[in-house]
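Where a number appears in this text, it was derived from the coordinates with a stated rule and is not lab data. Everything numeric in this text was worked out from a predicted model, so none of it was measured.
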Amino acid sequence: MDIVPRRPFRDLDDFFQDDDWFFPVFSRKSSDPEMDVYETKKEVIAEISLPNVNPDDIKVSVENDILLITGEMSEEKEDKEKSYWRKEIRRGSFQKATRLPAKVDEGKADATYEKGVLKITLPKAKDEKKERKEIKVKTK
């Protein structure tokens, strides 16, 4: 008989491994589309795998440094003649959200869909150099 190590807090450990553990967690099912988010010196780029999705059914928004992608994967009409042995192709609506690693200029964002991959390019916001302002301390 093999001994299986017991890790009662594994799910909790996994939860805190995620960079967004403090952000409200949207659905994180294994059927969610996969997404890569990375940054260059000038941009933040997100690529999300959405095969067989009509680009007109995808909505992308940025608010408060959160990138939100929602959409619909069209349902195949049910064919009563089919008797599935395995059905893994996901259909229906999806929602994916992530906190962005830098401030971005939402007005100059661009999204393209090619070969089943949605690529969102978000230029980083210009750093506004704020002058140091001294505040005098008054006594009463």
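Too long at a 29 Å Cα-Cα cut-off: which of K87/K115; K59/K87; K96/K124; K108/K136; K80/K119; K59/K80? Let's see the in-between values first.
Working: K87/K115 23 Å; K59/K87 26 Å; K96/K124 21 Å; K108/K136 40 Å; K80/K119 37 Å; K59/K80 32 Å.
Correct reply: K108/K136; K80/K119; K59/K80.
Extension gain S61-T40, at 0.36 nm per residue separation less the Cα-Cα distance, in nm?
On the way: separation 21, 0.36 × 21 = 7.56 nm, distance 2.03 nm.
Gain in length upon complete extension: 5.5 nm.
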